[in-house]
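Structure, as C-alpha cells:
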Amino acid sequence: MARQQEDARVVVTGLGATTPLGGDVASTWSALLAGKSGIRRLAGDWSADLPVRIGGLTAVDPASVVTRTELRTMDRSTHLALIAAREAWRDAGAPEVAPDRLGVSAGTALGGYDSLLAGWGLLTTKSWRAMSPYTAPRVMPNSAADWIGIEIGARAGSHTSVGACASGAEAIAYGVEMIRSGRADVVLAGGTETPVTPVWGGMFSKMQALSSCDDPESASRPFDRSRDGFVLAEGAGMIVLESAEHAARRGASGYAVAAGIGYSSDAYHIAVPQPDGSGLAAAMRRALEDARLAPEQVVHVNAHATATRAGDVAEAAAIRSALGDAARGALVTATKSMTGHMVGAAGAVEAVAAICALRASLAPPTVNLGEPDADVVAFGLDIATDARELRGGPGIRAALTNSSGFGGHNVALAFTTE
C-alpha cells in the first residue's frame with residue numbers, strides 16, 4: 001500500500017474507552033493486566049427466554065455520565081461513543097486545530113438498532129404520534145460520528161465505517177488515511193456498539209455462535225479446546241490521530257505511531273472465515289508492508305480471537321503465515337476472553353489495548369485457556385496466559401491488532417514505538 005504523502009507520519013496522542021472492565025482507559029487496562037473478566041449474568045427480564053443469559057455491560061452507566069438531553073436525543077451506542085471520545089480528546093489535550101483540518105471516523109455494525117425497535121414498538125402499540133422526533137437521528141449508523149463531529153467542530157469530514165466486527169478498526173484505518181492524504185491534521189477515530197439486547201442475543205443464539213457456558217467469567221475461551229462461541233458485550237474505544245508535524249508544533253508527545261494499515265476481503269462465505277486464514281494473513285502482510293516493518297519487529301499481536309471453533313484456528317494460521325518463524329517471538333493476547341465481543345467497537349478497544357501494551361511493554365493475559373486447541377498449538381504461537389513483558393531489543397518494536405467481520409472483512413493495524 002503506497003503512502004500518499006511520504007512525510008505524513010501519524011501519531012496517536014489520545015486514548016479513550018468505556019468497556020465491561022472499566023469506564024475509562026486506565027481502569028480497563030488495569031483489569032486486563034490483572035486478568036479480570038467483565039462478563040456477568042444478565043438480570044433483565046428480556047433475557048429470561050434466551051438460551052444465553054450472560055454478557056458484558058459497560059462498567060459505568062451512561063445515564064450517570066451524559067446529560068439528560070443527550071439521554072433523550074441519542075441512542076445508547078452514541079452515548080458510549082461520546083464517553084470514549086471525550087476521554088480521548090481530553091487525553092490529547094484538546095488540540096487546537098482549524099475546523100477544516102479536523103475529522104471524525106467512527107465505526108459500528110448496526111448503530112442505533114434498539115432505537116429503531118423502540119420506535120417500531122410505539123408505532124405498532126400506540127401510533128406514530130407517540131414516537132420521538134429524535135427517532136431518526138438516534139437510529140442512523142452515522143449518528144455517533146456526527147454527534148462527536150458537532151461537539152468538537154470537525155469540518156474535514158465525519159465518516160462511518162460499517163464492516164461488521166471489523167468496523168472500529170476500519171474506522172481507525174480510514175482516519176489514518178485522512179491524515180496521510182492531506183485532508184486533515186487531526187482525526188478522532190474508533191468504534192462503538194451496544195449489542196447486549198434481545199434481538200442481538202436471539203439472532204446469534206439462533207446461529208449457535210454464542211457460548212452456552214453458564215459460568216459468566218469462564219464463558220469466553222479463545223483458543224481453548226472447549227471453546228463454544230463468543231460472548232456479546234458493549235463498549236466503545238476512540239483514539240486521537242494526529243499528523244506528527246501538527247503534534248510537534250503543539251509539543252504533544254504521542255503514545256505510539258499509527259504506522260501501518262492493511263485491508264482484505266475473504267470473498268469466501270458470509271459468516272465463516274477462510275479456513276486457512278489467507279484473507280486475514282493478507283491484511284497483516286499489507287499492514288507490515290505499509291509500515292515498512294519486518295516480521296521480526298512485531299513483539300505483540302492483539303488477536304481478534306472470538307472463541308469460535310473456525311475463527312480461532314483460521315487466525316492462528318494467519319498469524320503464522322504472515323509472520324513466519326517470527327510468530328514465535330510475538331506474544332499473542334485474546335482480550336475478548338475478558339471483555340467479551342464488542343462487535344463494531346471491538347477493533348477500536350483492542351487498538352487501545354495494543355497501544356497500551358506497546359507503551360507499557362507488557363502483554364495482557366488470555367484467560368480461560370486451560371487446554372489449548374491442538375490445531376492452534378500446531379502453529380507454534382506464544383499465547384500469553386499471564387501478563388508478560390514484551391521482547392526487548394534495539395530498534396522499532398511493533399504491535400499488530402487484527403479484526404475480522406461477517407462478510408469476510410479483514411483489517412490489520414500496526415502500531416510502533418517510534
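The values are calculated or read from the model by the stated rules, or taken from the named source; none is laboratory data. These numbers were taken from a predicted model, which means no experiment stands behind them. Counting neighbours? That spans all protein chains shown, and the Cβs are built from the backbone with ideal geometry, glycine included.
The set of residues in the stretch 97-132 being assigned to a helix (DSSP H, G or I) and at pLDDT 95 or above consists of Pro99, Asp100, Arg101.
Here is a yes/no grid of residues against (1) touching a Gly at 6+ places or on another chain (Cβ under 8 Å); (2) part of a loop (DSSP other than H, G, I, E, B):
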position: Thr28; (1), (2): yes, no
position: Asp49; (1), (2): no, yes
position: Val52; (1), (2): yes, yes
position: Ile83; (1), (2): yes, no
position: Trp89; (1), (2): yes, no
position: Ala94; (1), (2): no, yes
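Just to verify a result, which residue in the stretch 354-375, among those that are small (Gly, Ala, Ser), in a helix (DSSP H, G or I) and within 23 Å of the chain's Cα centre (by Cα), is surrounded by the fewest Cβ atoms within 10 Å (Cβ to Cβ)? Selected residue: Ala360.
When we screen Ala8, Ala31 for residues that are hydrophobic (A, V, I, L, M, F, W, C), under 21 Å from Ala173 (Cβ atoms) and crowded, with 16+ Cβ neighbours inside 10 Å, the only hit is Ala8. For the stretch 103-134, a residue qualifies if it is buried (at least 21 other Cβ atoms within 10 Å of the Cβ) and of a type in the set (S, T, N, Q), and the qualifying residues are Ser105, Thr108, Ser115.
Residue-by-condition table, conditions (1) touching a Phe, Trp or Tyr at 6+ places or on another chain (Cβ under 8 Å); (2) aliphatic (A, V, I, L, M); (3) not in a strand (DSSP E or B):
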position: Thr160; (1), (2), (3): no, no, no
position: Thr192; (1), (2), (3): no, no, no
position: Arg221; (1), (2), (3): no, no, yes
position: Asp228; (1), (2), (3): no, no, yes
position: Glu242; (1), (2), (3): no, no, no
position: Ala247; (1), (2), (3): no, yes, yes
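Scanning the stretch 298-315 for residues that are assigned to a helix (DSSP H, G or I) and in contact with a Gly (Cβ under 7 Å, 6 or more places away or on another chain), we see that the one that is farthest from Ser403 (Cα to Cα) is Ala314. For Ala209, the stated conditions do not hold, so it cannot be described as within 22 Å of the chain's Cα centre (by Cα) and within 23 Å of Ala84 (Cβ to Cβ). Within the stretch 198-212, no residue that is more than 18 Å from Leu110 (Cα to Cα) and not assigned by TED's automatic domain parsing to the domain that holds Ala43 sits with its Cβ atom under 8 Å from a residue that is modelled with pLDDT under 90 and surrounded by 16 or more Cβ atoms within 10 Å (Cβ to Cβ) at 6+ positions apart or across chains.
Residue check: is Ala378 out of contact with any strand residue (DSSP E or B) (no Cβ under 6 Å at 6 or more places or on another chain), surrounded by fewer than 20 Cβ atoms within 10 Å (Cβ to Cβ), modelled with pLDDT of 95 or more and in the same structural domain as Arg320 (by TED's automatic domain parsing)? It is true that Ala378 is out of contact with any strand residue (DSSP E or B) (no Cβ under 6 Å at 6 or more places or on another chain), surrounded by fewer than 20 Cβ atoms within 10 Å (Cβ to Cβ), modelled with pLDDT of 95 or more and in the same structural domain as Arg320 (by TED's automatic domain parsing).
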